[in-house]
Amino acid sequence: MVSYFLSKELLGHDQDVRGVCSVSDELIGSASRDGKYGIWKKNGENWIPQFYEFHEGFVNSICYVPPSDSKTKGFLFSGGQDCSGILQEIQGESPAYYLFGHESNVCSVHALDSTTIITGSWDSTARVWSYGQCRLVLRGHESSVWAVLALGEDSFVTGSADKTIKIWKGDKVVKSFVAHVDCVRSICKIPQGFASCSNDGIIKLWSLDGHLLQELHGHTSFVYSLTYVPSLDLLASCGEDKSVRVWKDSKCIQRIALPTTSIWSVAALPNGDITCGSSDGAVRIFTIDKERMAPEEELKNFERRVSEYAISTQEVGDVKKGSLPGPEVLATPGKHEGDVIMVRVNNDVEAYQWSQVENDWKKVGQVVDAVGSNRKQLYNGQEYDYVFDVDVAEGQAPLKLPYNVTENPFQAAIRFLETNHLPTSYTDEVVQFIQKNTEGHTFDTSSASQTTNSSTSKKDVTIFPVGYLLFTTANVSAMCKRLLSLNSTHANALPQGDLEKLQHILSMKSMKDSDRQVAIEICLNVLDRFSLSERFPALDALRLLAIDCPQHLCAVLLEVFAQLAQSITVTGKFESINSMLTLRGLANIVSNVSSEEDITKLANSLYKTVPGAEYSKDYKVAFATLAMNLSVLYTKKSLEEAAIEILPVLTNFLAADSSESESCYRAVMALGSLCTLSNVAIAASQVYDVRKTVEKISKAFSQESRFQEAKDQFCSLLDKVT
């Protein structure tokens, strides 16, 4: 029977490895939340990494792109949080292409060759690329496209968080069907057709025309990734249950336990080895070849770490120690590969897994009390019924979510998001997470006073006015490396030392005004010398430099952004990116503005940049954030006349397009903040009928409870003046 053992652990990434791909037996690609992607090259017994940092933010997906000729070893293609894809020649120094077009995180990639690369995104679309140009946009999914597969240059399969799989011919849907009861996470080619996996814990095998052939059961949690091993005719899968599983003829023939929780990605090497990337930042290789197995000491160390890795009782169910068997039960063989039993050892509970290959029970962890299991948890010195580990939308490492069953889940979610500086768009998702994981405990309002009559029951306003919201996230290293790369071949290049100095300043935790001024001057030189297609890293740097900017430098940046805003266009991909970054810079500078002249410049910039329905999501969100921050400024300074002037801008924006929830929500936050000024509330109610606009938006996004909450509190503001 085939049996995989550890071959090598590759350490070099600082955060979760979200993607791995096979190039050859000696080359492996990886992508990580630490902002790096790269290639691992085997050199004797060691694997040497070469990392790249050209994305801005997390790198979530990676695939191998075979060469079109013998001059290269092919390419890596990576997808990132920055909405871009990057085609990188293997062991080259700079990207061959940047691919722009998606409006959100690029979470899945696959390639046949450089003429057929397919990407999936949180923006609910897939795109097909040839030589760096988008040739097809696949629209039809209602949520994030987590899985993509190219079967031919004009034949594709996609899977989505909307639970469906779609089969495409060109940009036309040939077949669409509900494939799983939860998000579809990965699709891979198999001889019979293709395989899919899901958050429902099930793997399904399909014919090429979408008929279900088989279901594979065994995983106990989300299944994130699949790969076919052609040399051995095996299927490998990995997921949230700390394991890689190997399947043969619809049966799980091996469960490989790892000393970490999330195994995000798995790929097969030509020689039959399997590689995977996981939440502990490691890339691991497993082999069936004894010559490639790790030394005995490394194998024992790995097995020890697996056995010591704690398992929560939430994984294995409620544990009653008194009714558990003792170690003597380990003398009885298991029935199936991967069977798990719990054994009482003194006052501890240990979990063992049956290995058919070794004909033995292997310790896979010590079972610890689940969060919330009839005892209080301490977090930041306070006691809670639950303290959850939460992985938020691929954008953050696991965060702590404290919760008491006497709390309103909505308020707990808001506190969690504010504490961790996360978008309020996650509110519903966090509330659902709380409700799902508290075993039916709910917030009980029955003890609240029931004596309030209709004349005094208007909802207390607690949301409005909101605070300033800044665009702070950035990968400074990638930003500056991109500038250095562009500058190295530029006819009117800046001194390299200037760009190195810029990177140093942007990386400072505390920036002096003199350093900020130097950095701004360098960025302005880039804007003067570089073309539209080359200047966006400098604009992004200016956006960061606008945060907490002193008054004398604030005036300089405002003038630059205001002039750019006057000539905004979104006719080309680089123009669209530059315009979006201009709006982000203006949004970041609002809190530093004080003079009447500068406030007028901000308002004029807002009026000039109102987006149309066809504009990108990122542009709309940047515009709405600028409007929201300007509204906060008006509220703080009680500028009622200026505030009234902005009302029709916001209502027209909401009326023109209600397709994108985050920009609409921020526009509603702007309206609510403005209406904390009584005369503005009167104008909103009696002149512009803003109540109707907000109610319409709330209805359009009725599935998001944050809109209902905002609508109720907004209407309460208007009720106070009517």
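The values are calculated or read from the model by the stated rules, or taken from the named source; none is laboratory data. The shown structure was predicted, so the numbers you read here are calculated from the model rather than taken from an experiment. Here Cβ is always computed from backbone atoms with ideal geometry, including for glycine, and neighbour counts include all displayed protein chains.
Specify which of the listed residues (587, 538) is closer than 21 Å to residue 508 by Cα and modelled with pLDDT of 90 or more.
Step by step, each of 587, 538 is checked, and only 538 is closer than 21 Å to residue 508 by Cα and modelled with pLDDT of 90 or more.
Which is out of contact with any Leu (no Cβ under 8 Å at 6 or more places or on another chain), surrounded by fewer than 23 Cβ atoms within 10 Å (Cβ to Cβ) and more than 24 Å from residue 121 (Cα to Cα), of 567, 533?
Going through 567, 533 in turn, just one is out of contact with any Leu (no Cβ under 8 Å at 6 or more places or on another chain), surrounded by fewer than 23 Cβ atoms within 10 Å (Cβ to Cβ) and more than 24 Å from residue 121 (Cα to Cα): 567.
State all residues of segment 63-79 that are touching a residue at least 40 places away in the same chain (Cβ under 8 Å) and either in contact with a Leu (Cβ under 6 Å, 6 or more places away or on another chain) or closer than 19 Å to residue 577 by Cα (or both); if no residue qualifies, say none.
Once the filter is applied, which keeps residues that are touching a residue at least 40 places away in the same chain (Cβ under 8 Å) and either in contact with a Leu (Cβ under 6 Å, 6 or more places away or on another chain) or closer than 19 Å to residue 577 by Cα (or both), segment 63-79 yields 77, 79.
From the list 678, 673, which residue is assigned by TED's automatic domain parsing to the domain that holds residue 702, within 11 Å of residue 717 (Cβ to Cβ), hydroxyl-bearing (Ser, Thr, Tyr) and over 34 Å from the mean Cα position of the chain (by Cα)?
678
Consider residue 451 carefully, then state whether it is more than 25 Å from the chain's Cα centre (by Cα) and at pLDDT below 65.
So residue 451 fits the description; yes.
Listed here are the residues, each with its yes/no results for (1) without any contact (Cβ under 8 Å) to a residue 40 or more places away in the chain; (2) under 28 Å from residue 647 (Cβ atoms).
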site	(1), (2)
537	no, no
543	no, yes
596	yes, yes
617	no, yes
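Quick check on this structure: which one of 694, 668 is in contact with a Leu (Cβ under 7 Å, 6 or more places away or on another chain) and modelled with pLDDT of 90 or more?
One residue alone meets the criteria, 694.
Are any residues in segment 475-520 more than 25 Å from residue 86 (Cβ to Cβ), at pLDDT 90 or above and within 32 Å of the chain's Cα centre (by Cα), and if so, which ones?
501, 505, 516, 519, 520
Any idea which of 680, 621 is crowded, with 24+ Cβ neighbours inside 10 Å and touching a Lys or Arg at 6+ places or on another chain (Cβ under 9 Å)?
Numbers: 680 fails: touching a Lys or Arg at 6+ places or on another chain (Cβ under 9 Å).
Going through 680, 621 in turn, the sole match is 621.
Any chance you could count how many residues in segment 64-93 are under 25 Å from the mean Cα position of the chain (by Cα), assigned to a loop (DSSP other than H, G, I, E, B) and small (Gly, Ala, Ser)?
1
When you scan segment 295-310, do you find a residue that is at pLDDT 90 or above and not in a helix (DSSP H, G or I), even just one? Quick ask: steps written out before the conclusion?
At the first step, the residues of segment 295-310 found to be at pLDDT 90 or above are 295-302.
If we keep only those that are not in a helix (DSSP H, G or I) too, we end up with 295.
Within segment 295-310, one or more residues are at pLDDT 90 or above and not in a helix (DSSP H, G or I).
Please specify each residue of segment 80-94 satisfying the condition of being in contact (Cβ under 8 Å) with a residue 60 or more places away in the chain and surrounded by 24 or more Cβ atoms within 10 Å (Cβ to Cβ).
82, 83
Okay, residues lined up against (1) over 25 Å from residue 30 (Cβ atoms); (2) touching a strand residue (DSSP E or B) at 6+ places or on another chain (Cβ under 6 Å); (3) in the same structural domain as residue 485 (by TED's automatic domain parsing):
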site	(1), (2), (3)
101	no, yes, no
118	no, yes, no
139	yes, no, no
153	yes, yes, no
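I'd like to check which strands (runs of 3 or more DSSP E) are fully inside segment 125-205 and have at least 2 residues that are among the small types (Gly, Ala, Ser) and at negative phi. Walk me through how you get there before you give the answer.
Values: elements: 126-130, 133-138, 145-152, 155-160, 164-169, 172-178, 184-190, 193-198.
By residue number, 126-130, 145-152, 155-160, 193-198.
Which residues, taken from segment 542-560, are under 21 Å from residue 479 (Cβ atoms) and assigned to a loop (DSSP other than H, G, I, E, B)? Reasoning before the result, please.
If we filter segment 542-560 for residues that are under 21 Å from residue 479 (Cβ atoms), which is where we start, we get 542-549, 553, 556-557, 560.
If the condition is that a residue be under 21 Å from residue 479 (Cβ atoms) and assigned to a loop (DSSP other than H, G, I, E, B), then 546, 547, 548, 549 are the ones that fit.
Would you say residue 638 is crowded, with 22+ Cβ neighbours inside 10 Å, over 16 Å from residue 565 (Cβ atoms) and at pLDDT below 95?
When the stated conditions are applied, residue 638 does not pass them.
Considering only segment 243-250, I want to know if a residue exists there that is assigned by TED's automatic domain parsing to the domain that holds residue 300, among the small types (Gly, Ala, Ser) and farther than 25 Å from residue 288 by Cβ. Write out each step before concluding.
Step one: filter segment 243-250 for residues assigned by TED's automatic domain parsing to the domain that holds residue 300, giving 243-250.
Retained after the next criterion (residues that are among the small types (Gly, Ala, Ser)): 243, 250.
Add one more test, that the residue is farther than 25 Å from residue 288 by Cβ, and what stays is none.
No.
Taking the options 284, 255, name whichever one is closer than 22 Å to residue 334 by Cα and in a strand (DSSP E or B).
255
Identify, please: which residue in segment 194-233 is surrounded by 18 or more Cβ atoms within 10 Å (Cβ to Cβ) and small (Gly, Ala, Ser) and is, among those, nearest to residue 2 (Cα to Cα)?
Across segment 194-233, the extreme among qualifying residues is 218.
Going by the conditions given, is residue 661 within 30 Å of residue 125 (Cα to Cα), surrounded by fewer than 21 Cβ atoms within 10 Å (Cβ to Cβ) and outside the structural domain of residue 104 (by TED's automatic domain parsing)?
Against the criterion (within 30 Å of residue 125 (Cα to Cα), surrounded by fewer than 21 Cβ atoms within 10 Å (Cβ to Cβ) and outside the structural domain of residue 104 (by TED's automatic domain parsing)), residue 661 qualifies.
Taking only segment 265-290 into account, find how many residues are at pLDDT below 95 and buried (at least 24 other Cβ atoms within 10 Å of the Cβ).
The qualifying residues number 1.
Just for segment 121-135: of the residues that are under 14 Å from residue 79 (Cβ atoms) and touching a Lys or Arg at 6+ places or on another chain (Cβ under 8 Å), which one is surrounded by the most Cβ atoms within 10 Å (Cβ to Cβ)?
Going through the qualifying residues, I end up with 121.
For segment 1-22, give me each residue that is over 21 Å from residue 298 (Cβ atoms), surrounded by fewer than 24 Cβ atoms within 10 Å (Cβ to Cβ) and modelled with pLDDT of 95 or more.
22
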